[in-house]
């Protein structure tokens, strides 16, 4: 099961990189995060389980916020393609900052909630398989 989760993380990362639709990027990264949560549960260590719980909570907030941001763009412009949104920061500076913060949290940038969850999961993995 852990092998399939690792393959799932790698596959969804490469699939998300190739997408140009913002909604698909968020969806594929969500599948990758759930595979990381599965790895944390499979460790059966306290760190792994705490990290999995924290990652699930963080994922719910971060992905929900990103889907809301993309949905508001789609409602206004009726397009979700990444190539049409160059220069968006000139028109919507606050929106761009909010989208950046949640995007950084989605990739588990340090000092974000997703980083804490993934860090605990990887500590649990190292503790189990050191």
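Against the criterion of being surrounded by 15 or more Cβ atoms within 10 Å (Cβ to Cβ) and over 23 Å from residue 17 (Cβ atoms), residue 53 qualifies.
Looking only at region 99-111, residues that are farther than 14 Å from residue 58 by Cβ and surrounded by 15 or more Cβ atoms within 10 Å (Cβ to Cβ) come to 1 in all.
The sole residue among 125, 82 that is more than 24 Å from residue 52 (Cα to Cα) and touching a residue at least 12 places away in the same chain (Cβ under 8 Å) is 82.
Scoring residue 1 on the criteria (1) over 13 Å from the mean Cα position of the chain (by Cα); (2) at pLDDT 90 or above leaves a single failure, condition (2).
For region 16-130, list the helices (runs of 4 or more DSSP H) that sit wholly inside it and hold at least 1 residues that are under 12 Å from the mean Cα position of the chain (by Cα) and under 20 Å from residue 1 (Cβ atoms); which are they? Lay out the reasoning, then the answer.
Working: elements: 22-43, 46-77, 88-91, 93-106, 113-128.
Per the criteria, 22-43, 46-77, 113-128.
The values are calculated or read from the model by the stated rules, or taken from the named source; none is laboratory data. Predicted model, so just to flag it, every value in this text is computed and none were measured. Neighbour counts are summed over all protein chains in view; Cβ atoms, including those assigned to glycine, are modelled from backbone coordinates with ideal geometry.
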